[in-house]
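Read the structure below first, then the notes.
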Amino acid sequence: MKREIAINASALEVRVALLEDNELAEFFLERNRQVGLAGNIYKGKVTRVLPGMQAAFVDIGLEKAGFLHVSDFHDGVSALNTVAEVLGEEDVETEPISDNEFGDPETSTADEAADNVDGNGDGSEPRPSRGRRRGGRGRGRSQAPQRSRLSIEQQLRRGQDIIVQIAKEPMGTKGARLTSSISLPGRHLVFTPTSNHIGVSRRIASAEERARLRQDVGELRPAQGGFIVRTACEGVSRREIQRDVAFLTKLWSSILRKNESMPPASILYSDLDVALRVVRDMFSSEVDRLWCDDPTTYSRVVQFVQNYMPRLRARVSLHDGPQPLFDRFNVEPQIERALDRKVWLKSGGYLIFDQAEALTAIDVNTGRFVGKRSQDDTIFKTNLEAVEEVVKHLRLRNIGGIIIVDFIDMAREADRKKVSDALATALKRDKARTSALKISELGLVQMTRKRTRESLEKLLTENCPRCEGRRVVKSVATLAAEVLRGIQREAVSKSAGDTLIVKLNPEVARYLYDHGAKDLETLEQRLSTRIVLRSNDGIEPGAFELARAPAAA
């Protein structure tokens, strides 16, 4: 598979596209006034402790207080798994250095609580839990032994200072999701100073290589702190590992010194901007070429690559041609299609994506595809084709939370199993952690997908001011009837005999003249008032303005 990264930088924003075989696979955007916050470390102050939610609000200096669930006070393997999910190293093989007991991450409970609380921290009551049930088979996740955990009120008190890291960006009305398990990512390693475990990515296929890396890191690590060995560390020399260990431990020491001198609600560490973050996390020997169209950003990328991955320096290129970089790779039309509600399949079938606040429904339809043999074969082929497209769009649109995929009903159990297996295989290519149940007899698949940043739709769009995000508007007939009732309501305060001048949207006025003339005449007789309609392009459909003109003497 041919992989390329394109970085388009301007004064307004930086856009990054990951292309696989010339198709857009992932898209990142960071505007200069909306810099990404995930990974930043803060000195926070606890503003509220919620025993009923087993969570706390923490002031970190942002507009909304951050949300910290009790399960995010963890150590050992739990900490490593949480960090791995954020960095796309979801298959992590862990081994304790000390006798610390493994903790249970309780991610569903924490996600449930965070989904149900607005990030205000202002004393208002949180919304009650919706009692959502989650389950399924997670990929690459072994369940850690459970242990008793101290309650949130036993660990935190109001006014307490605490070092926290943003695990999930603020989204909508919710504040940032926080964790006390700090992680500092480097090129080859991730330092977890609050853990004493070493984790090795299972994406490194060789058991011998994993054992070598584990041994090297174990010998080079400091007395306190754990590490995740990232996939990019495969084949890296002991000297390079030692350099990463030294850099990350020194960085943590500087954060601790800063924490001693800074007041609460202060930032202690900012993660890299999106261009360098993508280079650090995604640029590897599997990427054939990295393109950048801005000389300044290109120089920064080259310097970063030279320092941390010199073997890949020759793969970094400056795009200085007259054709825009994203036009060269046909990225813009692919971004537009990724925002469409309807996605066509090559066979003629199609998918429908409907996103709610915490749930996304995906409906599979045969559309124009009629098949050649039997109806069962047509349905099976459509569902099988839909699997690849669904997973592709989950990744590209960065859809997270609960996802329901409504495949076309399949009568044959063997077909359902093949589609279910194909979905499981396709999901393995997605770095985000997913958990999916088997396909039901009705063709439904229930799954969850981890998300740490806004979806593509939230990133690039805003609610339509006319429909307010409902995707539909009232029909002209409905609006015309509402205007008539509104005229009658408002006209009560007008003097009988006056002329009522009604200014309204041209489309609604035209409908009333064509289909509502009799209703207007009846209303004039009832009110003893003459009604005159006047079109005004500046008035929204459904709205109207009344003016009174005294009756002629």
How far apart, in nm, are two points set 7 Å out from the Cα along the Cα-to-Cβ line at ARG158 and at ASP288? 6.1 nm
Extension gain (nm, one decimal) between ASP340 and VAL473, 0.36 nm per residue minus Cα-Cα: 46.1 nm
Mind pulling up the Rg/Rh value for segment 186-342? Radius of gyration and Kirkwood radius, both on Cα. 1.05
Compute the relative contact order of segment 267-405 as a whole-number percentage, counting only Cα pairs closer than 8 Å that sit 6 or more residues apart in sequence. 16 percent
Just to check, using Stokes-Einstein with a Kirkwood Rh over alpha carbon pairs, what's the diffusion coefficient of segment 255-372 at 20 °C and 1.002 mPa s in µm²/s? 113 µm²/s
How much length is gained on full extension from GLU524 to GLU413, taking 0.36 nm per residue of separation minus their Cα-Cα distance? 33.3 nm
Violations at 21 Å Cα threshold for listed pairs LYS64/LYS168; LYS64/LYS258; LYS45/LYS174 -> LYS64/LYS258
At a 1.4 Å probe radius, carbon and sulfur cover how many percent of the accessible area of segment 436-483? 51 percent
Note on segment 422-509: contact order normalised by length, alpha-carbon pairs under 8 Å, 6 or more apart, percent, works out to 17 percent
Surpassing 20 Å at the alpha-carbon level, of the pairs LYS2/LYS431; LYS418/LYS450; LYS417/LYS438; LYS346/LYS438, are LYS418/LYS450; LYS346/LYS438
Two pseudo-spin positions, 7 Å from Cα along C-beta at ASP376 and at GLU13, lie apart in nanometres by 4.9 nm
Using only Cα atoms, locate the centre of segment 11-31 and the centre of segment 434-487, then give the distance between them in Å, rounded to an integer. 25 Å
Mean Cβ count within 10 Å, highest first, over the residues of peptides 381-393, 479-491: 381-393, 479-491
For the pair ASP354 and GLU540, how long in nm is the line joining their label points, each one 7 Å along Cα→Cβ? 2.4 nm
Rel. contact order, % - alpha carbon contacts under 8 angstrom, at least six apart, segment 360-462: 32 percent
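The values are calculated or read from the model by the stated rules, or taken from the named source; none is laboratory data. Please read these numbers as outputs of a predicted model, since none were measured by experiment. No Cβ is skipped: glycine too gets one built from the backbone with ideal geometry, and neighbour counts run over all protein chains shown. These accessible areas exclude ligands, DNA and RNA; they are computed on the full protein's heavy atoms, side chains included. Shrake-Rupley method; radii C 1.70, N 1.55, O 1.52, S 1.80 Å.
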